[in-house]
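Every number here is computed from the coordinates shown, using simple stated rules; none is lab data. Here the structure is a predicted model, which is why all the values come from computation and not from measurement. Heads up, the Cβs are rebuilt from the backbone with ideal geometry, glycines too, and the neighbour counts pull from every protein chain shown.
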Amino acid sequence: MFWKRMFGAEKKQEQEEKAERGFFQKLVSGLEKTKQGFVDKVEQIMTGRKVDEELFEELEEALIQADCGVETSLFLVDQLRERAKAEKITEAEQLKAVLVEEVVQLLQKNAAALKTPEERPYVLMVVGVNGAGKTTTIAKLAYRFKQEGAKVLLAAGDTFRAGAIEQLEVWANRIGVELIKHQEGSDPAAVAYDAVNAAKARKTDVLILDTAGRLQTKVNLMSELAKVHRVVQRELGRDLDEILLVVDATTGQNALSQAKIFQEAVPLTGIALTKLDGTAKGGIVLALANELELAVKLVGVGEQYEDLQDFEANTFAAALFGRQEKMLDND
């Protein structure tokens with residue numbers, strides 16, 4: 001993990017590899033619904049067929065139904081058409097490997113890991129609609145950083161939703177990290193101000209800021225988020241390290257419209273995709289990466305602390321297409 005170098009945490013390589021293998025198996029299991037709804041259908045379409053326009057139309061429909069999005073589905077099918085022509089592919093089954101390659105390339109096009117920390121505090125601002133899994137994502141991140149030796153501070157910036165502060169406080173106590181909070185209904189920017197200055201004073205390694213996510217008041221939300229961002233930026237004297245959008249994979253194409261709204265408010269640096277194990281429409285990963293040109297940096301496939309991991313295109317594709325190992329090395 002990248003913050004080892006900065007925070008001095010050490011893990012045995014064997015333990016890391018074991019954890020990685022365990023997460024891969026969870027990813028395979030978590031993507032089973034998507035595999036059944038998308039990959040198995042693709043397998044059926046491509047079995048014993050000749051490459052023709054009817055085949056491409058059926059593939060396009062399967063991609064759209066898996067929530068890859070119209071734009072992304074058209075792009076992938078066009079890529080297959082071009083490669084089939086250029087490589088003189090006549091049997092549909094030969095296109096399976098080509099599709100996997102194109103999926104990996106699409107995901108890698110805008111791929112990026114969490115930014116490497118250069119200064120303390122390392123600051124993450126977490127945004128997303130209510131119900132997307134924002135609070136549990138923050139808790140998993142806090143646990144992960146703490147396990148690697150970092151001193152972590154949380155900021156309860158969702159002062160609007162009833163119970164949000166208490167919920168984050170429960171997680172903070174459970175994990176054993178500190179929390180900055182104000183009263184319910186208070187100004188989120190004031191919480192952010194106090195949190196940044198507390199992080200500096202306490203020599204905190206990682207500061208994670210929660211924010212409100214009420215899309216029904218879009219204008220107010222954007223204004224509020226923009227204000228919080230400005231305050232944090234001003235008090236830090238630099239840009240935030242990460243502004244992560246938490247997206248619930250089960251919302252499908254709604255995730256795209258949510259992301260576009262949040263992009264209007266703050267300069268998002270990446271996506272944390274949650275509840276991937278609860279949807280048959282995991283193709284939304286492709287749509288997010290392609291249409292928003294925004295990296296999916298984290299993916300969640302369960303309730304345990306360890307079930308939020310770095311997103312890797314080849315690992316995702318290997319799990320989705322039923323391979324037992326990663327297919328390509330990340331460059």
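Starting from the alpha-carbon convex hull of segment 66-172, give the projected area averaged over all orientations, in nm². Working shown, then result.
On the way: hull surface 42.8 nm².
For the Cα atoms of segment 66-172, the hull's average projected area reads 10.7 nm².
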Completion exercise
Between LYS227 and GLN183, the two model label points (7 Å from Cα along the beta-carbon direction) sit apart by a distance in nm of 1.7 nm
Completion exercise
Place a point 7 Å from the Cα of GLU166 in the direction of its beta carbon; the residues of segment 120-134 whose amide N falls under 18 Å from it are 131
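Using a/c under 1.5 as the rounded threshold, could you call segment 37-99 rounded, prolate or oblate? The axes a ≥ b ≥ c are square roots of the C-alpha gyration tensor eigenvalues, and prolate needs a/b larger than b/c, oblate otherwise. Don't skip to the answer; put the middle values down first.
On the way: a/c = 2.01, a/b = 1.29, b/c = 1.56.
Note, shape of segment 37-99 comes out oblate.
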Problem - Fully extended contour minus Cα-Cα distance, from GLU118 to ARG202, at 0.36 nm per residue - result: 28.5 nm
Practice task
Round to the nearest 10 and give me the degree value, 0 to 90, for the angle of helix 188-201's Cα axis relative to the longest principal axis of the chain.
Solution key: 80 degrees
Handout entry: Under 11 Å, Cβ to Cβ, from LYS297 - net charge with Lys/Arg +1 and Asp/Glu -1
Key = -2
Handout entry: Shape metrics for the chain, restricted to C-alpha atoms - Rg then Dmax, Å
Key = 20.9, 67
Completion exercise
Over its alpha-carbon atoms, segment 119-265 yields an Rg and a Dmax in Å of 14.2, 43
Exercise for the section: Note the full-extension length gain between GLN304 and LYS109 as 0.36 nm times their separation in residues minus their Cα-Cα distance, in nm to one decimal. Expected result: 67.2 nm
Handout entry: Compactness of segment 75-132 as Cα Rg over 2.2 N^0.38 Å, two decimals
Key = 1.87
Exercise for the section: Once you have all Cα-Cα distances for segment 171-255, histogram them in 10 Å bins from zero and send the whole-percent values. Expected result: 14, 44, 32, 9, 0
Completion exercise
Between GLU101 and GLN147, the two model label points (7 Å from Cα along the beta-carbon direction) sit apart by a distance in nm of 3.7 nm
Problem - Difference of contour (0.36 nm per residue) and Cα-Cα distance, GLU57 to LEU74 - result: 5.2 nm
